Amino acid sequence: QVQLVESGGGLVQAGGSLRLSCATSKSIFSRSTMGWYRQAPGKQRELVAAITSGGGTNHADSVKGRFTISRDNAKNTVNLQMNSLKLEDTAIYYCDANSGPFGYHYWGQGTQVTVSS
């Protein structure tokens with residue numbers, strides 16, 4: 001059974017920073033595009049950022065310049081550094097490992113990020 005274990009969520013004031021991490025097995029991590037999605041109450045799940053196995057990245061326009069996705073191949077971990085957090089960043093953040101739109105998708109259990117004023 002594939003497991004993605006997330007950590008790092010919490011409560012932070014607007015303008016603050018948080019770092020999310022997601023760990024999985026080497027066999028999955030080494031061949032997957034890793035991503036972070038989020039889902040706010042009453043909204044659809046949306047892509048926040050993704051990074052390919054080769055290190056190519058993609059960030060949603062709403063987080064460009066504030067969030068940075070990275071992968072630590074030695075630890076089989078993907079990280080999301082979130083700076084200058086805004087109220088609208090409040091959501092449950094999910095880690096994803098996938099092999100493309102027609103391949104597999106594995107999800108983490110989600111971690112709550114709450115930004116307060």
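Below, the figures for the structure above:
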{"read-out": "Filtered residues of region 1-23 (kept if open to solvent by 40 Å² or more (accessible area, probe 1.4 Å), assigned to a strand (DSSP E or B) and of a type in the set (Val, Ile, Thr))", "value": "VAL5"}
{"read-out": "Within region 24-117, strands (runs of 3 or more DSSP E) holding 2 or more residues that are within 12 Å of the chain's Cα centre (by Cα) and surrounded by 12 or more Cβ atoms within 10 Å (Cβ to Cβ)", "value": "33-39, 46-51, 57-59, 67-72, 77-82, 91-98, 111-116"}
{"read-out": "Residue check, ALA23 closer than 14 Å to PHE67 by Cβ and not acidic (Asp, Glu)", "value": "no"}
{"read-out": "Qualifying residue in region 83-91 (condition: among the β-branched types (Val, Ile, Thr) and out of contact with any Ser or Thr (no Cβ under 7 Å at 6 or more places or on another chain))", "value": "no"}
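Here's the yes/no breakdown for (1) touching a residue at least 60 places away in the same chain (Cβ under 8 Å); (2) over 18 Å from VAL113 (Cα atoms); (3) of a type in the set (A, V, I, L, M):
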{"position": "LEU4", "(1), (2), (3)": "yes, no, yes"}
{"position": "SER7", "(1), (2), (3)": "yes, no, no"}
{"position": "VAL12", "(1), (2), (3)": "yes, no, yes"}
{"position": "CYS22", "(1), (2), (3)": "yes, no, no"}
{"position": "ILE28", "(1), (2), (3)": "yes, yes, yes"}
{"position": "TRP36", "(1), (2), (3)": "yes, no, no"}
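The values are calculated or read from the model by the stated rules, or taken from the named source; none is laboratory data. Quantities reported herein were computed from a predicted structural model and do not represent experimental measurements. Heads up, the Cβs are rebuilt from the backbone with ideal geometry, glycines too, and the neighbour counts pull from every protein chain shown. For accessibility, only protein heavy atoms count, side chains too; no ligands or nucleic acids. Shrake-Rupley method; radii C 1.70, N 1.55, O 1.52, S 1.80 Å.
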